[in-house]
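The values are calculated or read from the model by the stated rules, or taken from the named source; none is laboratory data. As the structure is a prediction and not an experimental result, all values here were calculated from the model. Cβ atoms come from the backbone with ideal geometry, glycine included; neighbour counts cover every protein chain shown. Ligands, DNA and RNA are excluded from the accessible area calculation, which covers all protein heavy atoms including side chains. Shrake-Rupley method; radii C 1.70, N 1.55, O 1.52, S 1.80 Å.
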Amino acid sequence: MKTSKKLLCGLFALTMTFGLCGCGKKNAGGIKITIWASEGDKPFVQSIVQEFKAKNPDKEYRFVIDIQGTNDMATRVLNDVENAADIFAYSNDQLSKLINGDALTRIAGERLERITAANSKESMEAAYETVNGESYAYGMPYTDNTFFLYYNKSVFTETDVQTLDGILSKCSSNKQFAMPMGDGWYTTSFYFGKDLGYDVEYDGNLAETKITCNFDNETGVAVTEAMWSYVKDSRFKADANDSKITAGFNDGSIVAAVSGIWNRTAIQKYLGENFAAAKLPTYTLNKGTANEEQVQLTAFAGYKIMGVNNYSKHKTDALDFIEFFTNKENQVKQFEVRGVVPTNIEAREDERVQADICAKAITQQLQYSKTQKGVPSTLWLPMEGLGSAMITGKQSGSFNVRAQLKACVDAIEKNAK
């Protein structure tokens with residue numbers, strides 16, 4: 001009898017042990033995956049998370065979504081890469097920086113074959129980088145990343161918006177044209193229009209070893225003079241940003257603006273039937289001289305890519321999610337919700353995308369663009385400083401073109417001499 005009791009007690013204890021450790025349950029405690037997304041993208045990401053969980057009922061997922069903008073994602077991730085999000089979206093110009101910081105998981109095998117076949121060649125190239133002589137993919141693209149012109153078509157004709165001077169001719173100090181001149185992502189378009197640029201050399205680990213920039217040659221000086229002439233015009237709102245642009249379209253104080261697809265929903269809501277978009281206009285260089293010419297503003301053209309942290313504890317699940325997030329159906333859904341143009345080949349052929357005003361404007365602008373890859377990490381702050389100095393100069397009436405431009409380029413360059 002004693003032996004039987006001991007056996008029963010032992011079996012009971014064993015059963016309790018399995019019960020307490022969760023054995024027999026699916027993924028006890030859940031698979032926790034953290035996603036960093038922009039504030040505007042968060043609601044859409046939340047909806048895709050719910051769909052993903054519904055399609056994977058055999059796993060107990062626990063997603064945490066925090067807000068982080070894509071433009072400075074690399075800085076945030078590399079601040080503490082081991083504790084950064086499992087999944088994050090980034091602009092492809094940050095790729096080399098993220099790779100150098102060991103922050104990205106490589107995509108390979110059948111998964112890579114699937115996404116390569118599904119997306120445009122250009123978008124996939126943006127996700128690739130060569131490290132120590134070998135090329136790898138480090139994420140999955142899902143939309144273009146460029147900027148173009150929004151305008152109120154009750155104020156402008158299609159001819160007006162072809163040139164910046166034509167736009168300003170219909171503006172006033174109370175109904176302005178806006179362009180974020182304190183942001184180098186936008187202001188570089190003036191220089192790129194005249195084929196000015198930079199060159200970056202890397203070592204085998206993609207660390208920058210040398211950076212040169214020719215924005216301060218004589219052509220660059222003329223470009224900067226043109227920028228300054230526009231900034232100090234009362235019809236030109238140079239201290240613009242996303243919130244000021246959308247608010248301006250809402251109250252009518254802005255009638256045309258340079259921005260990206262992320263502001264589409266708000267601007268279309270405010271303009272209603274007068275909503276319109278086009279490629280960027282041309283600007284006048286060397287105005288009033290024998291060398292006067294129209295120069296096409298040439299935008300950065302990059303892609304937004306979804307990546308998985310190389311230190312994620314759940315790489316396979318995270319990769320499964322980003323492949324689901326970037327598939328054809330969800331790229332079309334994101335286009336409908338957020339207005340972003342798909343990179344998926346079949347999604348781009350969708351009649352809703354083909355007929356879209358902004359998709360057409362982006363397609364036109366991509367003919368006048370510079371690939372946002374191999375961008376110097378030192379570019380942004382000096383260009384921001386140059387534009388901000390112009391904005392401050394607008395109030396004081398003073399801006400030393402040559403001195404400010406030289407200081408900007410000196411700050412961009414590295415080991416250039």
Model label zone, Ala207; criterion: amide N under 20 Å from point 7 Å along Cα-to-beta-carbon; scope region 385-417: 412-417
Scoring region 185-332 by relative contact order with C-alpha pairs under 8 Å, at least six apart, yields a percentage of 22 percent
Calculated from DSSP H runs of 4 or more alone, at -39500 (n - 2.57) each and per residue, what is the 222 nm mean residue ellipticity of the chain, nearest 500? -12500 deg cm²/dmol
Within region 195-228: backbone nitrogen closer than 19 Å to the Glu293 label point (7 Å, Cα to C-beta): 195-198, 214-228
Shape call, region 260-322: gyration tensor on alpha carbons, a/c limit 1.5: oblate
Would you report the distance distribution of C-alpha pairs in region 184-268 as whole percents per 5 angstrom bin, up to the bin with the largest distance? 3, 12, 18, 15, 14, 14, 11, 8, 4, 1, 0
Anchor Lys414: lysines whose Cα lies under 24 Å away (excluding residues fewer than 8 positions away in-chain): Lys97, Lys194, Lys210, Lys370, Lys373, Lys406
Of all the C-alpha pairs in region 288-371, what % are more than 16 Å from each other? 64 percent
Contact order relative to length for region 150-227, counting C-alpha pairs under 8 Å separated by 6 or more residues, stands in percent at 16 percent
For region 23-106, what number results from the quotient of the Cα radius of gyration and 2.2 N^0.38 Å? 1.22
Report the Cα-based extents of the chain along its three principal axes, largest first, to the nearest Å. 112, 55, 41
Listed peptides 119-125, 189-195, 62-68 by packing density, highest first (mean Cβ within 10 Å): 189-195, 119-125, 62-68
For region 223-291, what log10 I(q)/I(0) values come out of the Debye formula at q = 0.16, 0.28 1/Å, with one point per alpha carbon and no solvent? -0.64, -1.33
Enter the accessible area per residue of the chain (Å², integer; probe 1.4 Å; all protein chains in place). 47 Å²
Dividing the alpha-carbon radius of gyration of region 74-195 by 2.2 N^0.38 Å, where N counts its residues, gives 1.47
Of the DSSP H helices in the chain, the ones reaching 18 Å or more along their long axis in Cα terms and averaging at least 0.5 in Kyte-Doolittle hydropathy are 2-21
Answer in debye to the nearest 20: the dipole magnitude of region 307-371 about its Cα centre, from +1 Lys/Arg and -1 Asp/Glu charges placed on Cβ, is 340 debye
Taking a straight Cα-to-Cα line shorter than 26 Å from Lys333, and setting aside same-chain lysines fewer than 8 residues away, one finds Lys32, Lys42, Lys53, Lys55, Lys59, Lys121, Lys269, Lys279, Lys304, Lys315, Lys360
For a quick check: with amide H placed at 1.01 Å from N, whose amide H comes under 5 Å from Ala276's, ignoring anything fewer than 5 positions away on the same chain? Tyr151, Lys153
Non-local residues with an amide H under 5 Å from the amide H of Lys210, with H modelled 1.01 Å from N and Pro and chain starts lacking one, are Glu201
Which of Ser96, Ser396, Ser369 is most accessible, then next, and so on - probe 1.4 Å: Ser396, Ser369, Ser96
How large is the Kirkwood hydrodynamic radius of region 128-169, in angstrom, based on all distinct alpha carbon pairs? 14.2 Å
Quick check for me: using +1 on Lys/Arg Cβ and -1 on Asp/Glu Cβ, what's the dipole size of the chain about its Cα centre, in debye to the nearest 20? 1540 debye
Separation of the Ala411 and Glu125 label points, Cα + 7 Å toward Cβ, nm: 3.2 nm
Surface share of carbon and sulfur [accessible, 1.4 angstrom probe, percent] for the chain: 48 percent
